[in-house]
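Enquirer: Below is one structure. I have some questions about it.
The values are calculated or read from the model by the stated rules, or taken from the named source; none is laboratory data. Everything numeric here is computed off the predicted structure, so don't read it as measured data. Here the Cβ is made from the backbone with ideal geometry for all residues, glycine too, and neighbour counts use every protein chain on show. Please note that ligands, DNA and RNA were not included when accessible areas were found on the heavy atoms of the full protein model with its side chains. Shrake-Rupley method; radii C 1.70, N 1.55, O 1.52, S 1.80 Å.
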Amino acid sequence: MRNLIYAINITLDGCCDHTKFFPDEETMPYFVQLIREVDTFVYGRKTYQLMVPYWPDVAKNPSGDRKEDVEFAEAFDAVDNMIVFSESLDSVEEQKTRIIRTNLHDEIMKLKQQPGKDILTGGVTIPSQLAELGLIDEYRFVVHPLIIGEGRRLFEGTLLLDKLKLKLVESTVFKSGTVVLRYLKQ
């Protein structure tokens, strides 16, 4: 069975609002490698619209972009499948993208049982729902040494039936002080 991985950039105070801070260039190679290990993205509408068409456009026309951004864009664009859970999105930009409006639990279980590489999710709303359902197998928190004091917080308003018990299996510290924490669900 494939694993569902949740990866996100956050600050020390739990802010995950990317309008409040931006990942540094050290974290981009980390995310490029992670994306190369998956073949399916699962997003909600907001995250999808933040990622597409921006990253596919950078991949197609990389002039003027940082090398790290171009590598990320190319890795992002190479992923075979994108699933968007949305009740309000009418259409998608790419053929490899499907909108799903049905039961989140059942659809993720179907995806996990299909052959292929792991599945990656990002953003806040859909991953929070996936955490509530106990469907996330691995959490990768990229913690930036910043305190923002405002903005959307990780798992804000999430109602877990039980505490999530996670096991730290890897940690990486970048020169900038950013720390990548990799946890598996116990």
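Enquirer: With a 1.4 Å probe and every protein chain left in place, work out the accessible area per residue of the chain in Å², rounded to a whole number.
Expert: On the way: 9960 Å² over 186 residues.
Result: 54 Å² of accessible area for each residue.
Enquirer: Still on this structure, please answer the following. What whole number of Å gives the distance from the Cα centroid of segment 50-67 to the Cα centroid of segment 100-128?
Expert: Going from one Cα centre to the other spans 25 Å.
Enquirer: OK, next. Pull out the extension gain between residue 50 and residue 63, defined as 0.36 nm times the separation in residues minus the alpha carbon to alpha carbon distance; nm, one decimal. Could the numbers behind the result be given before it?
Expert: Values: separation 13, 0.36 × 13 = 4.68 nm, distance 2.01 nm.
Taking 0.36 nm per residue and subtracting the Cα distance, the gain is 2.7 nm.
Enquirer: Could I have the simple spin-label model distance between residue 87 and residue 166, label points 7 Å from Cα toward Cβ, reported in nm to one decimal?
Expert: In this crude label model, residue 87 to residue 166 measures out at 2.8 nm.
Enquirer: In whole Å, what are the Cα extents of the chain along the three principal axes, biggest one first?
Expert: Projected onto its principal axes, the Cα set of the chain covers 40, 40, 30 Å.
Enquirer: Positive end of the dipole of segment 78-186, charges at C-beta (+1 Lys, Arg; -1 Asp, Glu), about the Cα centre: which of 114, 178, 92 has its Cα farthest in that direction?
Expert: So the residue furthest toward the plus end is 178.
Enquirer: Let me ask another. Along the Cα-to-C-beta direction of residue 181, a point sits 7 Å from the Cα; which residues of segment 125-153 have their amide N less than 15 Å from that point?
Expert: Backbone N within reach: 138-147.
Enquirer: While we're looking at this one, here's another question. What part of the accessible area of segment 45-186, given as a whole %, is carbon or sulfur when the probe is 1.4 angstrom? Intermediate results must be reported in sequence, preceding the final value.
Expert: Details: 4130 of 8250 Å².
Answer for segment 45-186: carbon and sulfur cover 50 percent of the accessible area.
Enquirer: For segment 126-186, which GluC sites (Glu not before Pro) are both in a DSSP coil and crowded by at most 13 other Cβ atoms within 10 Å?
Expert: Filter output for segment 126-186: 150, 156.
Enquirer: Would you please report the Å³ per residue occupied by the convex hull of the alpha carbon atoms in segment 87-171?
Expert: Numbers: hull volume 14.9 nm³, N = 85.
Value for segment 87-171: 175 Å³ per residue.
Enquirer: Only four residue types carry charge here, +1 at the Cβ of Lys and Arg and -1 at the Cβ of Asp and Glu. Report the dipole size of the chain about the Cα centre in Debye, rounded to the nearest 20. Show your work: numbers first, answer last.
Expert: On the way: 23 positive and 29 negative charges, 110 e Å.
Using only the charged Cβ atoms, the result is roughly 520 debye.
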